[in-house]
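Report on one structure; see the data block that follows.
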Amino acid sequence: MTYNLAQFLYNRKMPEAPLTIAVAMSGGVDSSTVAAMLRDQGHTLVGLTLQLWNQRRLAGKEGMPEQVQGRCCSLDDVYDARRVAEQLDIPYYVVNQQERFERDVVRPFVDDYLSGRTPVPCTLCNNHIKFDQLLITARQIGADMIATGHYARNEYDPERGRWILSRPADKAKDQTYFLFGLTQEQLSRTLFPLGGYLKPAVRELAAEHNLALAHKPDSQEICFIPGGDYRKFLDAYLNEQGESLPDTSGELVLSDGTVVGEHDGIHNFTVGQRKGLTFKTHQPSPFYVLGVNGAEHKVIVGPQDELMTSTLTARDVNWISIPELVSEKRVQVKIRHRHDPAPAVLKPCKIRTDNRANTVTDTGTVDLTADVEFDTPQRAVTPGQAAVFYDGDEVVGGGWIA
């Protein structure tokens, strides 16, 4: 399936004449192929890469590896993106956003873990850094819109008067879970040219365009955590900041409050975890983490059947396919990236009609929240992760699990 840019432009009431498009170039095969595709269609392109993190920072500190391959946004990726831009003969710029990335993504990641939550840094990055900054930079250079290599679809529905974010053809590469925070304004200026392609076809297109990275492996690691060990990262980062790892040691307790053991810090645990549980007395095996009480430094543990949950509350909800939730709605809910969306009923808690993270009333700031009631209990619903609501392939909206 080819990407129908003409239809996309028609939906925007834009001419089909060549446009100026800022392409977010990550140095991977997907965004590089997008640039090649759009260049072939005759558009004026500018390649942009956001420099978010110094990959040498913290390397080798507190037991962290000196160098790890496979992280996104590395210096090697910047080199690869520049090389593709030169091959395609398009201007290319690196936009330094390291300070903002640390403030809005890295520090909240650290604080969440120290508070007993399990964050999703890639979603925070998309919401607060990538799309926001890319659109700002695109406007500054006179670009009409931005294009990225995300696997997602974005179409305008004239009947609803809204831009609709949907799952891509390649469900195995679906990235809509990380994009639920995009606003209508951001969607109206964003192209996802790979939404109708399967990943093997994208690699074939890259090879047809003689891109040297056609067979480059996909990045797997979180960009600022070499080796994927977030515990070592917390130690190294806090030490660099001149801060001590706070003492959050406490008790392991059953759901009825019975103390069965001790732990050395709540940041070492997340819901569903089995390893690292040390009991004072013999307990039936296996036990799992059911929850983390950050205020009291308690880790709640129990058997696997107690991991199953029928409800959750999502906070800071962003609506996409609807302007607001005024009544119960049947949806499918995804509670982590690799989770199959589960049938559920979505119920409104607080209503607002804007599309911001919160709204101000006479009583102060009120977060928009929504309740989810699953048809069947789900395993390891984890505070700090995202809950994204789907109606078939359409993204209804999403929020953060409270």
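The values are calculated or read from the model by the stated rules, or taken from the named source; none is laboratory data. All values derive from a computational prediction rather than experimental measurement. Methodologically, a virtual Cβ is constructed for each residue, glycine included, from the backbone with ideal geometry; neighbour enumeration extends over all protein chains shown. Note: areas computed on protein heavy atoms with side chains; ligands, DNA, RNA excluded. Shrake-Rupley method; radii C 1.70, N 1.55, O 1.52, S 1.80 Å.
Brief remarks on what is shown
- Checked against (1) over 18 Å from the mean Cα position of the chain (by Cα); (2) open to solvent by less than 10 Å² (accessible area, probe 1.4 Å), SER31 passes all but condition (1).
- Residue pairs whose Cβ atoms lie under 9 Å apart, sitting 6 or more positions apart in sequence or on different chains, and linking a residue in segment 30-42 that is under 16 Å from HIS215 (Cα atoms) to a partner that is among the acidic types (Asp, Glu) and in a helix (DSSP H, G or I), are SER32/ASP80; ALA36/GLU208.
- Looking across LEU165, LEU211, one residue alone is under 24 Å from GLN385 (Cβ atoms) and touching a Ser or Thr at 6+ places or on another chain (Cβ under 7 Å). It is LEU165.
- Residue check, TYR230 surrounded by 15 or more Cβ atoms within 10 Å (Cβ to Cβ), touching a residue at least 40 places away in the same chain (Cβ under 8 Å) and touching a Leu at 6+ places or on another chain (Cβ under 9 Å): no
- Scanning segment 249-268 turns up no residue that is in contact (Cβ under 8 Å) with a residue 24 or more places away in the chain, surrounded by 14 or more Cβ atoms within 10 Å (Cβ to Cβ), under 30 Å from GLU394 (Cβ atoms) and within 22 Å of the chain's Cα centre (by Cα).
- Of residues in segment 50-77 being on the phi < 0 side of the Ramachandran plot and in a helix (DSSP H, G or I), the one modelled with the highest pLDDT: ASP77
- Identity of the residue in segment 315-351, in a loop (DSSP other than H, G, I, E, B) and among the small types (Gly, Ala, Ser), that ends up nearest to THR369 (Cα to Cα): SER327
- Checking GLY116 against (1) on the phi > 0 side of the Ramachandran plot; (2) out of contact with any Gly (no Cβ under 7 Å at 6 or more places or on another chain), the condition it does not meet: (2)
- Filtered residue count, segment 294-306, keeping only those that are over 24 Å from the mean Cα position of the chain (by Cα) and either open to solvent by less than 50 Å² (accessible area, probe 1.4 Å) or aromatic (Phe, Trp, Tyr) (or both): 5
- Scanning segment 90-101 for residues that are touching a residue at least 12 places away in the same chain (Cβ under 8 Å) and outside any strand (DSSP E or B) yields a total of 6.
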